Amino acid sequence: MENRINLKVENHIAHAHLIRGDKMNALDAEMMDALIECGERIKADNSIRAVVLSGEGRAFCAGLDMGNFAKMAEGGDAGVTDGKQRQKLVERTHGLANRPQKVAFTWREIEVPVIAAAQGFALGGGFQLFMGADMRYAAPGTKFSIMESRWGLVPDMGTTHVMARVAREDIVKELAMTARIFEADEAYEHGFLTRICDNPIEAAMETATAIAARNPDAIRGTKRLFNEPADRFVADTLLLESALQDDIIGCPNQVEAVKAELEGRAPVYADPKETKKAAE
C-alpha cells in the first residue's frame, strides 16, 4: 500500500492521500488493492473519527490506468479481477461487492464520515471513487466525467446508486451515456459536490477537525442514519452493475469501442441484436 497511498492518522483524523501523482493517481491493480487495504485499516482503527481522501499532483484520480485498456483490447480482464482472465464480475469476492466495486464502496462502509478533496481530474473510476465519500469538495475548474461509455462499458464500481440519488435521473443518464466532461460549477449545480474550495484538502481537514470534536458515537450514528435507508437495496444494485458489465465486457462492440478510442478513430459498431445472438 505504501507506494500508492500515504495514510496518516493524527488528532483522530485519517488522511488517505493517493501518491501516484506521475500517473494522475490512475487505478492500476496495485492502486485498487491499496485503496481496499487502506479502507480496511481505517475501519479497524476505532480512534479515527473522520477521514480525508485526496490525491497528489494534477489529479484526484484519472480513472482506470490506460495500460489496462490496452489489455482489454487484447482480450484480457484489464487487471480488475485479481488478474484472472475473464473472472465473472458477478462473483462477490469482497462481501457485497467485487474487487473494483470495493475500491469505491469501501468508503461508504467506513463508519465515520469520509470527505473527498479533488483537484484537476476525477474521471471514470476516479469519479466513482470520489462519489464513495460522504462529503465532496473540489477546486474550481476540476473536471469530472462518468467516462465508462467512452470505453463501451457501464459504470460499475459501486456508487451508481449515490449518483442517482444526489442528481436528477435524466442528468445522470445523459452524463453516463455521453461520457461528457463537466467542471466543478456544473458538478455543484447537479449535487455531486458539497463545496467548491480554492484549497479543497485544507477545507476538508477543517471540516474533519470540526467533526472530530463532536461525540464520536453521535457522528457514527448520523452517518448510519442517512446511509442505511439509501443503501437498503445496494446489494441488488451492485449485483446488477456486475451482471450488466459481464454481458458487455469483451463483446465485439465493447472491444471495438476500446480499439477505436486507442486508435483515435470513429468506432464501427455491429447491430446489438446480432452481437447478442453471437454470444448466445
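Every number in this text was worked out from the coordinates using simple rules, so none of it is lab data. Just so it is clear, the model here is predicted, and its values are computed rather than measured. When we count neighbours, we look across all protein chains shown, and the Cβ atoms used for this are built from the backbone with ideal geometry, even at glycine.
With each pseudo-label sitting 7 Å past Cα toward Cβ, what's the Lys43-Lys273 distance in nm, one decimal?
4.6
If I fit a long axis through the Cα atoms of helix 99-109 and take the longest principal axis of the Cα atoms of the chain, what angle between them do I get, 0 to 90°, rounded to 10?
The angle comes out at about 30 degrees.
Any of Lys102/Lys143; Lys88/Lys173; Lys88/Lys223; Lys8/Lys102; Lys23/Lys173 with alpha carbons more than 27 Å apart? Name them for me.
Violating the 27 Å Cα-Cα cut-off are Lys88/Lys223; Lys23/Lys173.
Helix 169-178: angle to the longest alpha-carbon principal axis of the chain, degrees 0 to 90, nearest 10?
50
Can you compute the charge dipole magnitude of region 226-266 about its Cα centre, using +1 on each Lys and Arg Cβ and -1 on each Asp and Glu Cβ, nothing else charged? Give it in debye, rounded to the nearest 20.
Its charge dipole is roughly 160 debye.
Charges at C-beta only: +1 for Lys and Arg, -1 for Asp and Glu. How large is the resulting dipole of region 119-183 about its Cα centre, in Debye rounded to 20?
100
Suppose every Lys and Arg Cβ carries +1 and every Asp and Glu Cβ carries -1, with no other charges. What dipole size does region 5-249 come out with about its Cα centre, to the nearest 20 debye?
Computed about the Cα centre, the dipole is about 280 debye.
Within the set of other residues whose C-beta is less than 11 Å from the C-beta of Gln128, count the net charge using Lys and Arg as +1 and Asp and Glu as -1.
My count for the surroundings of Gln128 gives -3.
Shape verdict for region 72-226, please, from the Cα gyration tensor: rounded (a/c under 1.5), prolate (a/b greater than b/c) or oblate.
Oblate is the answer for region 72-226, as a/c is 1.5 or above yet b/c matches or exceeds a/b.
Given the peptides 103-114, 138-149, 119-130, arrange them by the average over their residues of other C-beta atoms within 10 Å, most packed first.
119-130, 103-114, 138-149
With angles folded into 0 to 90 degrees, how steeply does helix 216-230 sit against the dominant principal axis of the chain? Use alpha carbons for both and round to 10.
Tilt of helix 216-230: around 30 degrees.
Summing Lys, Arg as +1 and Asp, Glu as -1, what charge do residues with Cβ under 12 Å from the Cβ of Val166 carry, Val166 excluded?
Local net charge: 0.
What nm distance separates the two modelled labels at Ala164 and Leu244, each placed 7 Å from Cα along Cα→Cβ?
Label-label distance for Ala164 and Leu244, simple model: 0.7 nm.
Please identify, among Ala133, Ala176, Ala243, the residue showing maximal mean-square fluctuation in a Gaussian network model of the chain using a 10 angstrom Cα cutoff.
Of Ala133, Ala176, Ala243, the Gaussian network model singles out Ala243 as fluctuating most.
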